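The values are calculated or read from the model by the stated rules, or taken from the named source; none is laboratory data. Since this is a predicted model, take the numbers as computed values, not measurements. When we count neighbours, we look across all protein chains shown, and the Cβ atoms used for this are built from the backbone with ideal geometry, even at glycine.
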Amino acid sequence: MAEELKSIWIVDDDFIARLLIKKKLEKESFSSSILEFENGEEALNAYLKLEGQGDEPELILLDLNLPVMDGWTFLDSIGQRANESSTLPLVAILTSSIGQEDRDRAKQYSNIISFLKKPLDLNILKEDLKRLKT
């Protein structure tokens, strides 16, 4: 990848999926900082600790079907905290869901840049990120 992202978070309850995603990202030098979370609540707690310090993730790869706090609730929670001085991180939904309802719902969030089906296709993610810069 031409420009490395400062920080990427992987939020997925499947350990193997997280491991494979992280390996792909590292191989392509997407970021030198890749953090993993098993559910939305863990990710939200980490986000709240970093909020306002400039250490928030640039990109979150987010599964929708998570225990404790699902992906939608996580998105709503960080969205409610956003104000004019803060920028929401970019989000790529990474899910096994193929339902049109989820795709339509994703369009309601301005920070969702991709709706990707598992397993992660880095080429599609790269194209979506490139499109943002043009």
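Search the stretch 93-112 for residues being out of contact with any helix residue (DSSP H, G or I) (no Cβ under 6 Å at 6 or more places or on another chain), hydrophobic (A, V, I, L, M, F, W, C) and surrounded by 13 or more Cβ atoms within 10 Å (Cβ to Cβ), and hand back the single one that is nearest to ILE8 (Cα to Cα).
Among them, the one singled out is LEU94.
Does the stretch 46-67 hold any residues that are out of contact with any Gly (no Cβ under 7 Å at 6 or more places or on another chain) and farther than 21 Å from LEU5 by Cα, and which are they?
ASN65, PRO67
Show me the helices (runs of 4 or more DSSP H) found entirely inside the stretch 49-134 where at least 3 residues are more than 28 Å from LYS27 (Cβ to Cβ).
71-81, 100-106
If we keep just the residues of the stretch 47-64 that are of a type outside the set (D, E, K, R) and modelled with pLDDT under 95, which is surrounded by the most Cβ atoms within 10 Å (Cβ to Cβ)?
Taking the candidates together, the pick is PRO57.
Residue under question is LEU75, and the condition is that it be surrounded by 15 or more Cβ atoms within 10 Å (Cβ to Cβ) and either on the phi > 0 side of the Ramachandran plot or touching a residue at least 40 places away in the same chain (Cβ under 8 Å) (or both); does it hold?
no
Please name all residue pairs, on different chains or six or more residues apart, with Cβ atoms under 9 Å, provided the first residue is in the stretch 28-44 and is at positive phi and the second residue is of a type in the set (D, E, K, R).
Sorted first by the residue in the stretch 28-44, then by its partner, the pairs are SER29/GLU4.
Of the conditions (1) buried (at least 16 other Cβ atoms within 10 Å of the Cβ); (2) modelled with pLDDT of 90 or more; (3) in a loop (DSSP other than H, G, I, E, B); (4) not small (Gly, Ala, Ser), GLU36 satisfies every one except a single condition; which number is it?
(3)
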